[in-house]
1. Would you be able to say whether some residue in segment 8-24 is of a type in the set (D, E, K, R), outside the structural domain of F98 (by TED's automatic domain parsing) and under 25 Å from D104 (Cα atoms)?
2. Looking at this structure, is A55 at pLDDT below 90 and of a type in the set (G, A, S)?
3. Working carefully through the options P73, P19, find the one that is assigned to a loop (DSSP other than H, G, I, E, B) and touching a residue at least 24 places away in the same chain (Cβ under 8 Å).
4. Output the number of the condition that I31 fails; it satisfies all remaining conditions of (1) surrounded by fewer than 11 Cβ atoms within 10 Å (Cβ to Cβ); (2) within 30 Å of E9 (Cα to Cα); (3) of a type outside the set (S, T, N, Q); (4) within 18 Å of the chain's Cα centre (by Cα).
5. Pairs needed: first member in segment 36-50, assigned to a loop (DSSP other than H, G, I, E, B); second member anywhere, among the small types (G, A, S); C-beta distance under 9 Å; at least 6 residues apart or different chains.
6. What residue, of R48, R71, R11, is touching an Asp or Glu at 6+ places or on another chain (Cβ under 8 Å) and of a type in the set (K, R)?
Amino acid sequence: MFVLQKGIEYRVEGIAPAPTFFSLNSSSGVIRSRTSFVNDVNTVYYMRILVADIAYPNKLGTGTCTIFINRNPNTPRITSPSCLATIPENTHLGTYLFNVTASDADTNVGVH
């Protein structure tokens, strides 16, 4: 006599490099990040998911999860969008005129 067990098991069939960056909980199906994306250049990751019911006979389903990484979404902004200087025509090469500053919300660091 067979005992019918209810439930679903989730598995990842690796599509590199997604398994390096994401994990899949085999009982809940929850996908989580497992490492930082900062040093990787990919903007999209694909994970092929296998889903099996825990019953007899065992049936399998498949799907693909696509995960997009929003990289560098902000445009740098010049602090003073316009600059104006009036200098004599005989100004020496290399004479300091003014300093342009900018910031970028992606880095939260001012760039000079």
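1. no
2. In short, yes.
3. P73
4. Tallying (1) surrounded by fewer than 11 Cβ atoms within 10 Å (Cβ to Cβ); (2) within 30 Å of E9 (Cα to Cα); (3) of a type outside the set (S, T, N, Q); (4) within 18 Å of the chain's Cα centre (by Cα), I31 fails exactly one: (1).
5. Qualifying pairs under 9 Å: N42/A18.
6. R48
For every residue, the table says whether it meets (1) in contact with a strand residue (DSSP E or B) (Cβ under 6 Å, 6 or more places away or on another chain); (2) of a type in the set (G, A, S); (3) surrounded by 12 or more Cβ atoms within 10 Å (Cβ to Cβ).
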residue: A18; (1), (2), (3): yes, yes, yes
residue: A55; (1), (2), (3): no, yes, yes
residue: T75; (1), (2), (3): no, no, no
residue: L93; (1), (2), (3): no, no, no
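The values are calculated or read from the model by the stated rules, or taken from the named source; none is laboratory data. In this text, all values refer to a predicted model and were calculated from it rather than measured experimentally. Methodologically, a virtual Cβ is constructed for each residue, glycine included, from the backbone with ideal geometry; neighbour enumeration extends over all protein chains shown.
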